[in-house]
1. Under 6 Å by Cβ, and 6 or more places apart or on different chains, what pairs join a residue from the stretch 210-236 that is of a type in the set (Asp, Glu) with one that is surrounded by fewer than 18 Cβ atoms within 10 Å (Cβ to Cβ)?
2. Wholly within the stretch 71-147, which strands (runs of 3 or more DSSP E) include no fewer than the required count, namely at least 1 residues that are at pLDDT below 95?
3. Of the residues in the stretch 274-290, how many are loosely packed, with under 14 Cβ neighbours inside 10 Å and outside any helix (DSSP H, G or I)?
4. Answer yes if at least one residue in the stretch 50-57 is of a type in the set (Lys, Arg) and under 24 Å from Pro266 (Cβ atoms), and no otherwise.
5. Restricting attention to the stretch 155-197, report how many residues are surrounded by 14 or more Cβ atoms within 10 Å (Cβ to Cβ) and either modelled with pLDDT of 95 or more or hydrophobic (A, V, I, L, M, F, W, C) (or both).
6. May I ask you to verify whether Glu121 is surrounded by 17 or more Cβ atoms within 10 Å (Cβ to Cβ) and of a type in the set (D, E, K, R)?
7. Can you name every one of the strands (runs of 3 or more DSSP E) wholly within the stretch 184-258 that holds 1 or more residues which are in the same structural domain as Ala126 (by TED's automatic domain parsing), on the phi < 0 side of the Ramachandran plot and among the acidic types (Asp, Glu)?
8. Picking from Glu100, Glu42, Glu57, Glu46, which residue would you name as being in contact with a Lys or Arg (Cβ under 7 Å, 6 or more places away or on another chain) and of a type in the set (Asp, Glu)?
Amino acid sequence: MALRVAVVGVGHLGKHHARILSAMPDVQLVAVVDTHLGRASEIASEYGTRASMDVRELAGKVDAVTIAVPTELHRGIALPFLAAGIPVLVEKPMARSLAEADEMIAAAAKSGAILAVGQTERFNPAVAVAREHLTNPRFIEVHRLGAFPERSLDIDVVFDVMIHDLDVILSVVTSEVASIDAVGVPVLTSKFDIANVRLRFANGCIANLTASRISRERVRKIRFFQPDAYISIDYAAQKVEKFTINRLLGIPKIDGGDVPVTNEEPLVRELTDFVDAVRLKRSPLVDGAQGRRALALADRISSTMTTV
């Protein structure tokens, strides 16, 4: 029996939810919901489903929903579904505050509903491959630079784009964040559009992150340095490089190069994981607790941010 799924919000990201879900085997895209009827109708027509402007019309007609609306609306849309036991995938950041995230997690726990968070880089094939080679990172360097998006302007660059890397780092470094140094600058909006953050973990690992949504070039890279190894991920190219020290001949020599990666659209993997979790009644790769953890660190960073 096909899993009935609806997409709430079919703007920049949600339209891709609709595209992918409509093509999944044993999944029925029963509706797309958006406050702009014209946009909803266009997407519905393209993917053979119906359009709606009211999420309440989905009651009793869905087995799961994905939510890709502005962050400030996540809690209000997700809670009724979670309370009714309907699995929800909400895009990052999962909420605009930790209090709202806690409400969502509590509602899911009470009803037994699955709550997944769309931290898409965790589903990047390059990240999955690199994780097999990461043992004890001591220094992490991140550059995530992009053009002005004209969307997600209700949140600053930390919650908008840096949170991807915060989530990846927290999934790799099993230690608490001991200190934070953060500098940000508002340029095109009233919120921070570019930021540099230095995290020091209790185990001694240091992560230096630079994020910008006002750059002309597009860069999405993370580099890990650990004893005798350097591992680099190019998120966009889905490319992994690994270099190690070879001491077999007595004279240290650097060996390495590209690590094979089978390319695949991360959002396809994200939605496939969610659908599979719903069917098998298992925890998704990024559940509410992990989404909250990334949100909590982003919140700490923003609250300590200074400007220049």
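1. If the second residue must be surrounded by fewer than 18 Cβ atoms within 10 Å (Cβ to Cβ), the pairs left are Asp228/Thr244; Asp228/Ile245; Asp234/Lys221.
2. Counting at least 1 such residues, we get 139-145.
3. Here the count works out to 2.
4. No: the stretch 50-57 contains no residue that is of a type in the set (Lys, Arg) and under 24 Å from Pro266 (Cβ atoms).
5. Qualifying residue count for the region: 29.
6. Yes; evaluated as a whole, the condition is true for this residue.
7. Once the strands (runs of 3 or more DSSP E) in the stretch 184-258 are filtered for at least 1 residues that are in the same structural domain as Ala126 (by TED's automatic domain parsing), on the phi < 0 side of the Ramachandran plot and among the acidic types (Asp, Glu), what remains is 229-234, 239-246.
8. Result of the check over Glu100, Glu42, Glu57, Glu46: Glu100.
The values are calculated or read from the model by the stated rules, or taken from the named source; none is laboratory data. It should be emphasised that the depicted structure is a prediction, and the values quoted were computed from it without experimental measurement. Quick reminder, even Gly has a Cβ in these numbers, built from the backbone with ideal geometry, and neighbours come from all protein chains shown.
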